[in-house]
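For reference, the structure discussed in these notes is given below.
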Amino acid sequence: MRGRAKGQFQGSVLIADDHAVFRIGLMQLFRRRLKVKRFLEAQSFAEVLDLLKERDVTLAIVDLRMPGLSSPKDIARMRFLRPDARIVVVSASDAPQDILDALSAGVHGYIIKTQHTDQLIDRLRYILSGEIYVPAILAEQPLQSADGRATESSVKLAEKALSDRQRQVLKGLVEGKSNKEIAKTLNVAEGTVKMHLAALFRLLGASNRAHAAALGKQLIS
């Protein structure tokens, strides 16, 4: 897992939220489950930017509704200041446009606050491994037009949200390769390919393999 060595989380975690109880709760959870030792706290977006300039941050957790953050697109400034950090939105908002805007700004994941703590930790571990987490709620949105073509929103989301590995898996799917063939080409386990395909189906709102391949052809052509 990125950011960890011999079971120990490396670097600092920045938790940016204007609710102290939420910050404290996350710190306790991260100490226990992720073995994090060093934390930075911010109550406003201005504090977030200052801390990113001065400190070594491995993971930054930010809420969309904090003072000074007027739009999810502002988060792009965090990526500019700390391009090596994993930046994750943990927000009460499940609005599709908020999610799309945050992903377009370059966050590595968007987690809705109603998630169970076990799910939250699983999502963060997935993100720390180098992947990008997209909430399943987007699959419930109309990401395709009436003729079955990908809409502008789905193209925008895929362009920003897909990791390099997911793009490679999608390319293999579009080329008609089996899971086993994709795994052999990428030198990964077949189970890893299945995991990436599940994420792709969710991201594209695809109902099956053929549907995902048809949508994928539009996105990578």
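The single condition from (1) more than 23 Å from Ile111 (Cβ to Cβ); (2) among the aliphatic types (A, V, I, L, M); (3) touching a helix residue (DSSP H, G or I) at 6+ places or on another chain (Cβ under 6 Å) that Val169 fails is (1).
Looking only at residues in segment 91-111 that are over 16 Å from Ala76 (Cα atoms) and among the aliphatic types (A, V, I, L, M), the one that is surrounded by the most Cβ atoms within 10 Å (Cβ to Cβ) is Ile111. Each residue in segment 108-127 was checked for being in contact with a Phe, Trp or Tyr (Cβ under 9 Å, 6 or more places away or on another chain) and either of a type outside the set (D, E, K, R) or not assigned by TED's automatic domain parsing to the domain that holds Asp17 (or both), and 8 of them qualify. State the number of residues belonging to segment 65-91 that are among the aliphatic types (A, V, I, L, M), more than 14 Å from the chain's Cα centre (by Cα) and closer than 15 Å to Ile15 by Cα. Number of matching residues: 3.
Given the condition closer than 17 Å to Val134 by Cα, β-branched (Val, Ile, Thr) and at pLDDT below 90, answer yes or no: does some residue in segment 73-89 qualify? Yes; the residues of segment 73-89 include at least one that is closer than 17 Å to Val134 by Cα, β-branched (Val, Ile, Thr) and at pLDDT below 90. Just one residue in the set Ala20, Ala46 is under 17 Å from Ile75 (Cβ atoms), surrounded by fewer than 19 Cβ atoms within 10 Å (Cβ to Cβ) and of a type in the set (A, V, I, L, M); that residue is Ala46. The residue that is modelled with the lowest pLDDT, counting only those in segment 185-198 that are surrounded by 14 or more Cβ atoms within 10 Å (Cβ to Cβ) and within 12 Å of Gln168 (Cα to Cα), is His196. If the Cβ limit is 7 Å and pairs must be 6+ apart or interchain, which residue in segment 186-198 that is without any contact (Cβ under 8 Å) to a residue 60 or more places away in the chain pairs with which residue that is in a helix (DSSP H, G or I) and surrounded by fewer than 14 Cβ atoms within 10 Å (Cβ to Cβ)? Every condition considered, the pairs that remain are Glu190/Lys180.
Against the definition (buried (at least 17 other Cβ atoms within 10 Å of the Cβ) and in contact with a His (Cβ under 7 Å, 6 or more places away or on another chain)), how does Val88 come out, yes or no? Outline the logic, then answer.
On the way: buried (at least 17 other Cβ atoms within 10 Å of the Cβ): yes; in contact with a His (Cβ under 7 Å, 6 or more places away or on another chain): yes.
Taking the combined requirement at face value, the residue satisfies it.
Scanning segment 199-210 for residues that are of a type outside the set (D, E, K, R) and touching a residue at least 60 places away in the same chain (Cβ under 8 Å), which turns out surrounded by the fewest Cβ atoms within 10 Å (Cβ to Cβ)?
Within segment 199-210, the match that is surrounded by the fewest Cβ atoms within 10 Å (Cβ to Cβ) is Phe201.
The values are calculated or read from the model by the stated rules, or taken from the named source; none is laboratory data. This structure is a prediction, so every number in the text was calculated from the model and none was measured. A quick note on method: Cβ atoms are made from the backbone with ideal geometry, for glycine too, and the neighbour counts reach across all protein chains shown.
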